[in-house]
Amino acid sequence: MMTTYEQSVREMLAEVKDPEIDSVSVLDLGMIEKIIITDNAVQVEMLPTFMGCPALEIIKKNVETKVLELEWVEHAEVTFIYHPPWTSDRITAKGRERLKEFGIAPPPTQPGPDGEWHVDCPYCQSTYTTMDNIFGPTACRSILYCKHCKNPFEAMKPVSTIM
Ligand SMILES: [Zn+2]
């Protein structure tokens, strides 16, 4: 069972947004693995998303600052852990909706029957989008083009342990 203290920490975390996508919180992104509360100290274990994305230090600082806003908290610390690995499946349903509202296609949850990753257009939901080399090895997101509504849009790279 979640304690009232843990619940209050989670409510604060829901207000910490991704610095690049300001409608999606670190909770929605599935980055929070564990909240450890010892007296007045809060330790948050977070899973780093996309390797090489520069926002992690900013997120760490924002989370610590936000948690410290709770009256009973005197120490707040974020540690990044790598097990279990973060996968794009951890993004909540709400998180996926918010990404779409922001014009970013949420990462596909599994490859299509042909083994390729298909990304639906966040504007018209068409699957008729450009597919060539959409995800480079280092990019967190890439630009795609919808052949149906003719809009360019961003897509988040799928990260999965089965890839
Ligand atoms: Zn479209």
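The values are calculated or read from the model by the stated rules, or taken from the named source; none is laboratory data. As the structure is a prediction and not an experimental result, all values here were calculated from the model. Here the Cβ is made from the backbone with ideal geometry for all residues, glycine too, and neighbour counts use every protein chain on show. What goes into the accessible areas is simple: the full protein's heavy atoms, side chains included, and nothing from ligands, DNA or RNA. Shrake-Rupley method; radii C 1.70, N 1.55, O 1.52, S 1.80 Å.
Of note:
- Whole-percent carbon and sulfur share, accessible surface of the chain, 1.4 Å: 52
- Mean residue ellipticity at 222 nm, helices only, the chain: -6000 deg cm²/dmol; runs of at least 4 DSSP H residues each add -39,500 (n - 2.57), and the sum is divided by the number of residues.
- The stretch 4-80, dipole about Cα centre (Lys/Arg Cβ +1, Asp/Glu Cβ -1), debye to the nearest 20: 160
- Mean separation of Cα contacts under 8 Å, 6 or more apart, over the residue count of the chain: relative contact order %: 19
- Unit charges at the beta carbon, dipole of the chain: most positive-side option, Pro48, Gln125, Ile36: Gln125
- With a Cα cut-off of under 15 Å and a minimum spacing of 8 residues unless on different chains, the lysine pairs in the chain number 6.
- Using the 1.4 Å probe convention, the accessible area of the stretch 4-80 works out to 51 Å² per residue with neighbouring protein chains retained.
- Cβ-defined net charge surrounding Asp18, 15 Å radius [Lys, Arg +1; Asp, Glu -1]: +3
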